[in-house]
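**Student:** This structure is in structure tokens; I'll ask about it shortly.
The values are calculated or read from the model by the stated rules, or taken from the named source; none is laboratory data. The model shown is predicted, which means the values in this text are computed figures rather than measured ones. Accessible surface is based on the protein model in full, side chains and every heavy atom, while ligands, DNA and RNA are left aside. Shrake-Rupley method; radii C 1.70, N 1.55, O 1.52, S 1.80 Å.
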Amino acid sequence: MHLSAVNHRIPLSDGNSIPIIGLGTYSAPISTPKGSCATSVKIAIDTGYRHIDGAYIYQNEHEVGEAIREKIAQGKVQREDIFYCGKPGDDVYPKDENGKWLYHKSNLCATWEALEACKDAGLVKSLGVSNFNHRQLELILNKPGLKYKPVSNQVECHPYFTQPKLLKFCQKHDIVIVAYSPLGTCRDPSWVNVSVQPLLKDPFLKALGKKYNKTVAQIVLRFNIQRGVVVIPKSFNPERIKENFQIFDFSFTEEEMKDIEALNKNIRYVELLMYYSNPQTLGISNCDKPLSLLIYESQVCGLE
Ligand code: NAP
């Protein structure tokens, strides 16, 4: 499939489509100046991004909405051009008196049915999941009376964590993988495994960047989109927002794709160790992260 800056949507199994690059918007709320998310989303839209990834718990979802509404009012885009991914849930997990995380007693299949009802009510266009392993996906896919299949699974994915098995499983079931932390995320030790070397300093990727006159960030993003994986790099820096979008004017040979795949260390940067004791997570499978469900094109940030 030929991907370009103007035309880079790929099909979803429900008949909709998703732009293969989106802007991630998580940034530590304490250290992020108010308004920087809105400014970044506006720059991203002007640059050509048509997909924004957000969540209420990022505490800046209202800024995403503000920015998109402003760009629509300016006539720069129409609502239907923008693919917004939100994550339902209006609270981060509370802690008990001993500081242990408390989790909702939720039933995954019942929750999925509630999301199906949201789609039927016209509140969302597509339904996806996040941080699901193949067993959790099977739980939904094999649910009696399943009305809508998940169209996507948002998971960590980059050259050091290429997700070969999950990618194969998802391809078989027509589920698009959306790669979060596609650049190897930031170096915040409160939720990132900083013992793994920074992805963007990898010598092989640097050399490849030299060959194509591209930065390592552009190299790792191109790698994923060239194998059909959607990327949602986060940047609140105007130059880097633009840099991350310049990935449609070059491509790797099959051999180079294999060489990049061979960098896989099977180690994740995003560990979120505080969620390890989630009974739901451990009860269902060996997933080591909380489950979340994704809703697309939602009204979460006041978009209609
Ligand atoms: P990421 O996109 O891999 O990396 C973001 C970091 O890279 C930021 O520190 C950013 O700093 C820097 N950066 C951006 N472009 C760069 C470039 N060209 N060169 C060098 N550094 C660059 O990591 P992420 O934020 O963890 O993941 C992306 C998005 O995925 C999140 O924002 C969020 O929307 C989503 N996410 C979802 C989940 C989930 O559980 N579903 C988990 C994690 C993340 P600057 O801003 O200063 O450029």
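**Student:** Distance between the C-alpha centers of segment 196-233 and segment 1-17? Whole Å please.
**Tutor:** That distance is 21 Å.
**Student:** Let me ask another. Which of these, A117, A28, A67, has the largest mean-square fluctuation under a Gaussian network model of the chain (Cα springs below 10 Å)?
**Tutor:** With Cα springs under 10 Å in the chain, the top fluctuation among A117, A28, A67 is at A28.
**Student:** Okay, moving on. Counting only protein heavy atoms, what percent of the accessible surface of the chain is carbon or sulfur at a 1.4 Å probe?
**Tutor:** Roughly 53 percent of what the probe reaches on the chain is carbon or sulfur.
**Student:** Per the helix-only calculation at 222 nm, which mean residue ellipticity applies to the chain, given -39500 (n - 2.57) for every DSSP H run of n ≥ 4 and division by its residues, nearest 500 deg cm²/dmol?
**Tutor:** My calculation for the chain gives -9500 deg cm²/dmol from helical runs alone.
**Student:** While we're looking at this one, here's another question. If the reach is capped at under 13 angstrom between alpha carbons, list the aspartates and glutamates near K149, excluding any in the same chain fewer than eight residues apart.
**Tutor:** Excluding near neighbours in sequence, the set is D14, E113, E116, E138, D174.
**Student:** So, for the chain, what is the accessible surface per residue at a probe of 1.4 Å, expressed in square angstrom?
**Tutor:** For the chain, the per-residue accessible area is 47 Å².
**Student:** A further question follows. Mean-square fluctuation check for the chain, GNM, Cα pairs under 10 Å: which of S130, S181, S251 is largest?
**Tutor:** Top of the fluctuation ranking is S251.
**Student:** Which of the three applies to the chain, rounded, prolate or oblate, going by the alpha-carbon gyration tensor with a ≥ b ≥ c and a/c under 1.5 meaning rounded?
**Tutor:** Since a/c stays below 1.5, the shape of the chain is classed as rounded.
**Student:** With every protein chain left in place and a probe of 1.4 Å, what is the accessible surface of L123, to the nearest 10 Å²?
**Tutor:** Here the accessible area works out near 70 Å².
**Student:** Among K143, K119, K211, which one moves the most in a GNM of the chain with springs linking Cα atoms closer than 10 Å?
**Tutor:** Answer for the Gaussian network model of the chain: K211.
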